[in-house]
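Here, each number is a calculation from the coordinates, and none is a lab measurement. As the structure is a computational prediction, the values presented were derived from the model and not from experiment. Here Cβ is always computed from backbone atoms with ideal geometry, including for glycine, and neighbour counts include all displayed protein chains.
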Amino acid sequence: MFPDTHFPGAKKYWHMGIFHDWSEAIFHPMSHALHYGTSTFEGIRAYRTPRGPAVFRLPEHIDRFLHSASVLRMTPPYSRDEIIATVRLVVRENGLESAYIRPLMFYAYGNLGLVPKACPVELLVGAWEWGAYLGEKAGKGVSACILAKRRVHHSQLDMKAKLGGVYVQSTIYGLEARAEGYDEALFLNLEGNVAEGPGENILIVKDGAVRTNDRTESILEGITRTSILEIARDLGHATDVGPITKADLFAADEAFFTGTAVELTPVVLVADASDPNVPRTEHVIGSGKPGPITLRLKEAFAEIVRGGNPKFEKWLTYVR
């Protein structure tokens, strides 16, 4: 039996067409994905709206989910439309008005060689209530630490894929940043430019323009990131996609993380520990407080995901 202490609101999860009580365990310890990270997943949010819970950009998330599965040479056990319907069903079954949703596709029990030649592909979907990923500080702005290890490079993996095993790097250095007293880690790429956080994209604001990078800078081009760029243009801000140097980041007027879990979280301080032979330095971003454009984008995003802007209704999939 497993407690639901860190999964508020979770009553049941869905596995291969069957709902199970949240506390029930059903997997064999020799499942392939448990040992090698041979899985793909998505983080998706549903929000409370006047029309009931609505999932933000659900088709786009499932399209990426299926692309990631193809990179792992998986044959999905369900179709795109069936997975979309299952996500909606899981939110309803748990009686959630807002939720964090986790679809997971993985190589299950079969053999334990590196090549999962005898392992079936299985699908699981769970959902629960989840607030601010970086805690209560998220509204006031968080700190990030640029660590010495570089992000997995785009020449090594398909950066459009969200692969379970790749996230071990994110876990290691997310823990390291917190052990050093910062809220989150930040990676450089092999070229020495700013890449992304462990599970977030980073955007900066300079002279009123919003800037971020793309997958040639060794990032996952997040769905929230792409949405924020469109929202920024709709609000009349110039946007730019290209490399971000450390100097660009330190001199920015504003900076913020984006992602399903963090949504839009201001970054107000960045520590540079990227060279172990040089003393760490700390850089305050802008005024050291969330900037006006960041706050405007955050407010606009919150309005959209909660059904308050008809122009962006296209991004919402209603659960009921």
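The calculated FRET efficiency for the pair residue 93 and residue 281, based on their C-beta separation and a Förster distance of 45 Å, comes to about 0.35. Simple point charges give the picture: +1 on the Cβ of Lys and Arg, -1 on the Cβ of Asp and Glu, and for the chain a dipole about the Cα centre of about 560 debye. With a Förster radius of 45 Å applied to the beta-carbon distance between residue 313 and residue 114, the computed FRET efficiency rounds to 0.50.
What angle do you read, to the nearest 10 degrees and between 0 and 90, between the alpha-carbon axis of helix 167-179 and the longest principal axis of the chain? Helix 167-179 sits roughly 50 degrees off the main axis of the chain. The calculated 222 nm mean residue ellipticity attributable to helices in the chain amounts to -7500 deg cm²/dmol, summing -39500 (n - 2.57) over DSSP H runs of n ≥ 4 and dividing by all residues.
Taking a ≥ b ≥ c as the square roots of the eigenvalues of the Cα gyration tensor, the chain is classed as oblate, since a/c reaches at least 1.5 and a/b does not exceed b/c.
The C-alpha atoms of the chain define a longest principal axis, and helix 58-71 lies at about 80 degrees to it. The modelled label-to-label distance for the pair residue 306/residue 191, using points 7 Å beyond Cα in the direction of Cβ, is 3.9 nm. Computed from the C-beta positions of residue 18 and residue 238 and an R0 of 51 Å, the FRET efficiency is 0.50 to the nearest 0.05. Spacing of the modelled spin labels on residue 157 and residue 73, each 7 Å from Cα toward Cβ, amounts to 1.8 nm.
The Cα atoms of the stretch 87-177 give a gyration tensor whose axes a ≥ b ≥ c have a/c of 1.5 or more with a/b no greater than b/c, which makes the shape oblate. Under 1.5 on a/c is rounded, so check that first for the stretch 12-128, then, if it is not, pick prolate when a/b is larger than b/c and oblate when it is not; a ≥ b ≥ c are the square roots of the alpha carbon gyration tensor eigenvalues. Prolate is the answer for the stretch 12-128, as a/c is 1.5 or above and a/b outweighs b/c. Once both labels are modelled 7 Å past Cα along the beta-carbon direction, what's the residue 169-residue 82 spacing in nm? Placing both labels 7 Å beyond Cα along the Cβ direction yields 3.4 nm. Residue by residue, the stretch 302-319 carries 3J(HN,Hα) couplings of 4, 5, 5, 5, 9, x, x, 10, x, 4, 10, 4, 4, 8, 10, 10, 6, 6 Hz when phi is fed to the Karplus relation 6.51 cos²θ - 1.76 cosθ + 1.60 (θ = phi - 60°); x denotes Gly or Pro. Structure remark: mean-square fluctuation, Gaussian network model of the chain, C-alpha springs under 10 Å; the largest value among 184, 24, 263 belongs to 24. For the pair residue 137 and residue 215, the difference between a 0.36 nm per residue extended length and the Cα-Cα distance amounts to 25.2 nm.
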